[in-house]
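The values are calculated or read from the model by the stated rules, or taken from the named source; none is laboratory data. As the structure is a computational prediction, the values presented were derived from the model and not from experiment. Here the Cβ positions follow ideal geometry from the backbone for every residue, glycine too, while neighbour counts run over all protein chains shown. We work out accessible area using only protein heavy atoms, side chains counted, and drop any ligands, DNA or RNA first. Shrake-Rupley method; radii C 1.70, N 1.55, O 1.52, S 1.80 Å.
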Amino acid sequence: MRYADVVLPLPLEGFFTYSIPESFLQEGLVGCRVVVPFGKTKTYVALVVRIHDITPKGYKVKPLKQRIDQSPIVNALQLNLWTWISSYYLSAMGDIYKAALPSGLKAEDGYKPSTELYVALAPAFQSEPSLHIALNMLKRATKQLDAFTCFLHLSHWDEIGVDVQTEKIVEITRDELVNASAQTLNVINELVKRGLLVTYEKEVGRLNDGGEPHPERVNKLNPAQQKAMDEIRLKMESKNCVLLHGVTSSGKTEIYINLIQQEIEHGRQVLYLLPEIALTVQIMSRLKKVFGRRLGIYHSKYSDAERVEIWQKQLSDEPYDVILGARSAVLLPFQRLGLVIVDEEHETSYKQQDPAPRYHARSVALVLAQMTGAKTLLGTATPSIETYRNATTGKYGLVNLTTRYSGVELPETEIVDIGDLRRRKMMAGMFSPLLLGKIREAIERGEQAIVFQNRRGYAPLIECKQCGWVPHCNHCDVSLTLHKTTNQLVCHYCGFTYQVPDICPACGCKELRPKGSGTERIEDALHEAFPEANIARMDLDTTRTRNAYERIIRDFSAGRTNILIGTQMVTKGLDFDKVSVVGILNADNMLNYPDFRAYEHAYMMMAQVGGRAGRRGKRGLVVIQTYSPNLPVISQVTRGDYLGMYNDQLSERLQFHYPPFYHLIYLYMKHSNDKTVEMAAVEVSSWLRQWFGDRVKGPVKPDVGKIKTLNIRMVVLKLENGIDMAKVRQYLKRAREAILADKRYSTLTIYFDVDPV
Ligand code: ADP
Ligand code: ZN
Ligand code: ZN
């Protein structure tokens, strides 16, 4: 009898064994999907990982029900990689299977091409006079009017003069309009009913419209870039991984494009990873111009149908030569990988937090490259401490690029002491006179400004003026954020929304005031200060749809927007021509963050967002507002002294037992009952202490001690380099199994975060 070990799309450890019926074609079964019975009534689409003839003992083996694929949809290389991820990150194969495959490949019926619903201006209103009539019709329906005006703005109909130039019009999806206007679907539907808007469907996922490749469009590198490129190639002869440490706008992307072209000429594939979708929009068009249909794009904002299409092409005889993608693209099938580029390698969004598997795409990329014999190039202006250490100790090759492509100097930085200005009553809300003045000058000269605030919403909390009461989430241990666009209180941890109370439930006082400022409030303040300016906001709330991202970036690039306000999204390698001023409203938010990486991250954030200033032909200015102007890290940012920051951090890390000298593993436990989780945590940590001694810290209740009704405890393990990690993992698994086997804790959630960021 032959048996098949399969992975189920469930968060379960290990494999499940089924017998292979006689009638089944066994050839090429590994890597194929099969339908299997599970439990009393369920069936699942599982993936075969191995065939053997060892009869399982202790239970009655059930047969496979059906073979779905004729040839494997997951190759041997991927299965090896999954096994590594599962072992290193202590996560279940089932979770990796779930994360890797687009849902269309996990379901039985395959996938259908999906469509998106768009809204357009009804033909009858496509002229200036008739638009006035339309706006008049809506005079009494404020919500509809708001939604309609928002539509006109997004689609650019509001710019159309007497001669209609429809080529300027941008297509808007209905979801995007709902989101951007903060109105309900009903309101939009009313506009359709009244005949002002019409809807139409469009198939998503026209991936292969990339057109002809144009290798002749690869830009010729300047001497500094060419030298860096030659060094990269040279160092790759002896090292598997090279770090390209190049200042912002030094032309790293152009070097990548040159390297990719070389790989293609040698018949090899390239995986180009970016931390987030915000970045892909710009880089995508740069790559498309050169590589055309050779380029495939893969990330979570793409529809499932599109992702299935890419996956299948990757398995075909003609896979993409270049894949540009976010984190999960490392899990795609590759056949002849030659190079992996991890751009902005320092970005923490390469680490998947929730759900499992909690993997770091940079580490997985390195392993993938090693398994295939490919080389890895890490690129950034601000390397992570871990990577820089690897590059300076000789584990990786190191290549420096210290000049900007345009020759323009790195921006000048001015530090503003907001504590001092507040005492002297000189702050205008969140703005120093210097920053306001510089933004004004920029606008007057037809240049642009970026304002960075690392909090979305209007205010991080509201407070009763009389008694100090603050509304909290019913499910989480956090105060609620005020969102004015939707006029709601929102929990940023579980997403629950609440009505804004009229009176304080504790004392009856009618004055509840917003405290602190998020991006919405800054946007309001900027509108007040610069009524003539076009202001756009880029944060999680304004970019829920993929089109919204593209639109905000496109409008800003085209100079249609004067000021862009945003969260860390605006810090990511975006390349804009006319930004002369960048304002960081409150550096302290980042500096005071309770984490050993706070300074490292604050440095990166400031250096990266600052790097958006003065990119073509002219030196830019960065204004950093802070209560702690004398912190060394602030002057390190000012001087562009990465090495200073690195050395400071390194000695702290050594002293306090942190990476890169120690491995960190966080153990999380969650339960609806606080006493239960506390007891379990004390028990688990005492076992761990027996094995690992004082490498174990905790348990502690994290700052946010309850999320989604679950109370949390965490235990920190600090493991010195060189410790036998295989053994560590064994012990950790044993602890998890033992605690879950205890009846009192059977409903406990327990998981590990390996190499947390
Ligand atoms: P980085 O990735 O280091 O931030 P980019 O590759 O985005 O830098 O380059 C910054 C700007 O300079 C871009 O607008 C890019 O098009 C331009 N640029 C860089 N190198 C070249 C080159 N060799 N030829 C033409 N333009 C270049
Ligand atoms: Zn009160
Ligand atoms: Zn909540």
Top-ranked residue in the range 453-485 [being hydroxyl-bearing (Ser, Thr, Tyr) and away from ligand 3 (no atom under 16 Å from the Cβ); ranked as nearest to Leu585 (Cα to Cα)]: Tyr458
Which numbered condition Thr393 fails, given (1) more than 17 Å from the chain's Cα centre (by Cα); (2) in the same structural domain as Tyr256 (by TED's automatic domain parsing); (3) surrounded by 18 or more Cβ atoms within 10 Å (Cβ to Cβ): (3)
Residue match in the range 462-474 (condition: without any contact (Cβ under 8 Å) to a residue 40 or more places away in the chain, open to solvent by less than 40 Å² (accessible area, probe 1.4 Å), out of contact with any helix residue (DSSP H, G or I) (no Cβ under 8 Å at 6 or more places or on another chain) and away from ligand 2 (no atom under 14 Å from the Cβ)): yes
Selection status of Leu512, in contact with a Leu (Cβ under 8 Å, 6 or more places away or on another chain) and either open to solvent by less than 70 Å² (accessible area, probe 1.4 Å) or within 16 Å of ligand 1 (Cβ to nearest atom) (or both): no
Only one of Glu306, Glu318, Glu276, Glu265 that is charged (D, E, K, R) and open to solvent by less than 10 Å² (accessible area, probe 1.4 Å): Glu306
Members of the range 545-566 found to be part of a loop (DSSP other than H, G, I, E, B) and surrounded by fewer than 17 Cβ atoms within 10 Å (Cβ to Cβ), listed by number: Ala558, Gly559, Arg560
Odd one out for Glu344 among (1) at positive phi; (2) more than 14 Å from the chain's Cα centre (by Cα): (2)
When residues of the range 635-652 are limited to those that are under 26 Å from the mean Cα position of the chain (by Cα) and open to solvent by less than 40 Å² (accessible area, probe 1.4 Å), the one nearest to Arg423 (Cα to Cα): Val637
Complete set of residues in the range 1-47 that are without any contact (Cβ under 8 Å) to a residue 40 or more places away in the chain, assigned to a strand (DSSP E or B), open to solvent by 10 Å² or more (accessible area, probe 1.4 Å) and over 20 Å from Lys57 (Cβ atoms): Lys42, Thr43, Tyr44
Condition met for Ile283 (assigned to a helix (DSSP H, G or I) and within 19 Å of the chain's Cα centre (by Cα)): yes
Filtered residues of the range 476-519 (kept if over 25 Å from Phe452 (Cβ atoms), within 16 Å of ligand 2 (Cβ to nearest atom) and not β-branched (Val, Ile, Thr)): Pro501, Asp502, Cys504, Pro505, Ala506, Cys507, Gly508, Cys509, Lys510, Glu511, Leu512
Evaluation of Lys733 against (1) closer than 18 Å to Asp595 by Cβ; (2) exposed (fewer than 15 other Cβ atoms within 10 Å of the Cβ); (3) of a type outside the set (Phe, Trp, Tyr) (one fails), failing number: (1)
Condition met for Arg560 (more than 16 Å from ligand 2 (Cβ to nearest atom), at pLDDT 95 or above and closer than 26 Å to Ser432 by Cα): no
Condition check for Phe576: assigned to a loop (DSSP other than H, G, I, E, B), in contact with a Phe, Trp or Tyr (Cβ under 7 Å, 6 or more places away or on another chain) and under 29 Å from Tyr350 (Cβ atoms): yes
Test: Arg286 is modelled with pLDDT of 95 or more, open to solvent by 10 Å² or more (accessible area, probe 1.4 Å) and closer than 27 Å to Asn222 by Cα: no
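Listed here are the residues, each with its yes/no results for (1) at pLDDT below 95; (2) closer than 20 Å to Glu344 by Cβ; (3) more than 16 Å from ligand 1 (Cβ to nearest atom); (4) hydroxyl-bearing (Ser, Thr, Tyr).
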site	(1), (2), (3), (4)
Gly379	no, yes, no, no
Glu412	yes, no, yes, no
Val416	no, no, yes, no
Met430	yes, no, yes, no
Leu435	no, no, yes, no
Ile439	no, no, yes, no
Identity of the residue in the range 321-356, among the basic types (Lys, Arg) and either open to solvent by 20 Å² or more (accessible area, probe 1.4 Å) or assigned to a helix (DSSP H, G or I) (or both), that ends up nearest to Leu79 (Cα to Cα): Arg336
Residue match in the range 597-606 (condition: under 25 Å from the mean Cα position of the chain (by Cα), crowded, with 18+ Cβ neighbours inside 10 Å, closer than 30 Å to Glu444 by Cβ and more than 16 Å from ligand 3 (Cβ to nearest atom)): yes
